[in-house]
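The values are calculated or read from the model by the stated rules, or taken from the named source; none is laboratory data. Because the structure is a prediction, the values reported are computed rather than measured. Don't worry about glycine lacking a Cβ; one is built from the backbone with ideal geometry, like all the others, and counts go over all protein chains shown.
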Amino acid sequence: MPNFQHWKGINDRFAYGTRDAMVTALLSEFNVMNTPGQYFSTGSEGKMCDYLRSFEGLRVGVTPLCLVRVRANGQVSGSDFHVRGPSTPQECGDLGLKLIEDELDDEEPCKKVDGEELAKWGWVKPALHDVLQFIHIPKTGGTTVEKIGARYGARWSKEKTEWDKEAHPDCPLGCLGTWQPCSPWHLPLATFRAMGESGGVSSLQETFCIVRDPAQRAISQFSFQLTADATPASFIVNNNPGTCTAESLNAHIHAVLGSANASMSRLEGEWPLLSAETMGSARTCVNCPAVADCHWLPQWLYVKDTCHHILRFENLENDFNELMKRFAGTVSVPSVIPKYAWSRTEPAQVSDCSLTKEDLDLQSRALLATVFAEDFRLFGYEVPDTASNSNLAAMMREGRHGPGRHNRGRTRETRLRHTAHRPGALRP
């Protein structure tokens, strides 16, 4: 059977096997199912599972088989090339079906597709953005990725039609007249889903995102806000954006994370329904999760259950190129992003301020370790040593979570959904 889309049963689109297995069992499936009085409470995959389990001694294995729907006009469904989910029908196996295991069970079925060959057949492949969407976690290199994508026609993040800056100039900090707490391209998909919206990403599309050391990300955000368009958070310290000094960096972190600590914790406790009310408004607040246009939100809120391909900021060019290579053969030629695209793109939002983690004081380290605890844990970045062992950090954790903070405990037990062989995927 194919090694994908078993839907709690067994993929029933194709099969091969011994003569007895095919003729005696598989080819008689519909004769049995169409017998008067038959009743099934599952879909076709579940029916197939129940049917095959009725044959004593029958064993089932999976094979990497690329199955793609092609319309009469040559158009293909891009999602068929990049199916997700368990490779083996484990739930059917748990019900008693005997499964055959093989080292190729988890291999991606369409990874060796030859795009040039498909073109010769007259297949019309989709554009890259129809298959792959970008989840922009602020201050992780996302603006550079958007620039590269736009050059090859990819409408990612703020380049999407519904948020285009020319057609919708009112969308920075949240499109006017909407519920959006900050710029829509800076919002986790979970906030859109809580409002019954898609956020411009369908269930059939793959997604990718970038994660970064939380401490480095905080320093980058401070450096960025020194010269960026002002938000209320820009003036949180002495009504001044600050200067490129360790003193100014720490004062800013103390003020922003010290003020937003409690509301960030409440927001994490709401997962997966991240409410706009708890988020606050980037246009007015300095102590809510949306502060500074959502640039301080924990990264895991963007990743959990929504990001399929996790890239590392520290290895971004290589991770990005590997991911684009994976999609190159299955998308339209004009939308293919070549390997040299990154090297020919000037990085966005580069600051002359060169502060480092060594400039962080004890209180800043304690705040970072507390507010971004899940980011450090899930993505494997090193927690600032001084903060993790200090009395100050212990006091802040107690104040943040306190007695009865059970929701946060459950959040810490979550795991990211990913496929280990995908580029940049992380093991939690």
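Below is a table of values for the structure above.
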| item | result |
| --- | --- |
| Flag if Leu362 is out of contact with any Pro (no Cβ under 6 Å at 6 or more places or on another chain) and either in contact (Cβ under 8 Å) with a residue 12 or more places away in the chain or among the charged types (D, E, K, R) (or both) | yes |
| Residue among Thr161, Thr178 that is out of contact with any Leu (no Cβ under 6 Å at 6 or more places or on another chain), closer than 21 Å to Pro334 by Cα, surrounded by fewer than 20 Cβ atoms within 10 Å (Cβ to Cβ) and not assigned by TED's automatic domain parsing to the domain that holds His82 | Thr161 |
| Residue identified as more than 24 Å from His295 (Cβ to Cβ), small (Gly, Ala, Ser) and in contact with a helix residue (DSSP H, G or I) (Cβ under 7 Å, 6 or more places away or on another chain) among Gly153, Gly141, Gly122 | Gly153 |
| Of all residues making up segment 30-78, the number that are modelled with pLDDT of 85 or more and either closer than 22 Å to Asp102 by Cα or in contact with a helix residue (DSSP H, G or I) (Cβ under 7 Å, 6 or more places away or on another chain) (or both) | 22 |
| Tally of residues being farther than 19 Å from Ala290 by Cβ, surrounded by fewer than 17 Cβ atoms within 10 Å (Cβ to Cβ) and at pLDDT 75 or above across segment 225-238 | 1 |
| Looking only at segment 336-345, and only at residues there that are without any contact (Cβ under 8 Å) to a residue 24 or more places away in the chain and in a loop (DSSP other than H, G, I, E, B), the one that is surrounded by the fewest Cβ atoms within 10 Å (Cβ to Cβ) | Arg344 |
| Test for Ala218: is it assigned by TED's automatic domain parsing to the domain that holds Pro298, of a type outside the set (D, E, K, R) and under 30 Å from Ala154 (Cβ atoms) | yes |
